[in-house]
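See structure below.
Since every read-out is calculated from the coordinates, none of them should be taken as a lab result. Treat the numbers as computed from the prediction; the structure is a model and nothing was measured. Quick reminder, even Gly has a Cβ in these numbers, built from the backbone with ideal geometry, and neighbours come from all protein chains shown.
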């Protein structure tokens, strides 16, 4: 038992993978997939799932990195990566832990697991076929990917995720996207102007929001090096409003 929800398993390609399911106590506004950061499914992600459940959403938060040992090192490594004094030593440690993610079929299998999560929610009667996705970092990137590959998705809310700079791929998007970025997140900010242009050319409904004085992982209140309360508070309210508008 974790918070409001429970850990269980779903099946993809004859293999089980763990998911955290958090259910609202009252009426259900819709279904929501919450995708974790690179640190795998942890207490922080489960707490976000519970927050959305308290707002009326039936939430599935999958663990998409069970094939790695990232979760075992997440607590210290996450802080070290954002600590200027330890960053250089932490980066190769993370790269080594991410080796299983370099397998050729990792992306397809991860997207397949998300599709299972989507179908689970979509087929729940109380959800009414109203399903959205949100995610952070790693999860933000896969929120974009699910928006590209699932035409029944109602909305996507990626936090500091990478989207493919590929107009034919972006043309597949059928749902509105509200994307959050930190101004100090140089990797993403460098490509955002091109992404804006490609999204416009693709005819996608794409709304990026950039927070000043915020960097990568600004929503993660367990990381004092990254957390930005103003950006986290505003993006939470915007996300709730966006989901309410599009999961009617």
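Simple spin-label model, 7 Å along Cα-to-Cβ: residue 16 to residue 205 in nm?
Computed distance between label sites residue 16 and residue 205 equals 3.9 nm.
Order of 58, 10 from fewest to most other C-beta atoms within 10 Å?
Placing the least packed residue first, the sequence is 10, 58.
Given a Förster distance of 25 angstrom, what is the FRET efficiency for residue 230 paired with residue 47, based on the Cβ-Cβ distance and rounded to 0.05?
0.80
Report the extension gain between residue 116 and residue 238 in nm, rounded to one decimal, defined as 0.36 nm multiplied by the number of residues separating them, less their alpha carbon distance.
Full extension of this stretch gives 41.2 nm more.
Going by how many other beta carbons lie within 10 Å of each one, how would you line up 234, 50, fewest first?
Ranked by crowding around the Cβ, least crowded first: 234, 50.
Please tell me the relative contact order of the chain in percent, rounded to the nearest whole number, where contacts are Cα pairs under 8 Å and at least six residues apart.
After rounding, I find 16 percent.
If one computes the Cα centroid of region 100-171 and of region 1-65, what distance in Å separates the two points?
14 Å
For the modelled label position 7 Å from the Cα of residue 83 along Cα-to-Cβ, which residues of region 202-226 have backbone nitrogen atoms closer than 18 Å?
Within reach of a label on residue 83, which here means backbone N under 18 Å from a point 7 Å along Cα→Cβ, region 202-226 contributes 221-226.
What list do you get for 184, 72 if you sort them by fewest beta carbons within 10 Å?
Least to most surrounded, the residues fall as 72, 184.
Determine the gain in length on full extension of the stretch residue 25-residue 72; use 0.36 nm per residue of separation and subtract their C-alpha separation, reporting nm with one decimal.
13.7 nm
Within region 171-187, list the residues whose amide N lies under 13 Å from a label point set 7 Å along Cα→Cβ of residue 194.
187
Shape of region 7-117 from its Cα gyration tensor (a ≥ b ≥ c, root eigenvalues): rounded if a/c is under 1.5, otherwise prolate when a/b > b/c, or oblate?
It is oblate, given that a/c is not under 1.5 and a/b is not larger than b/c.
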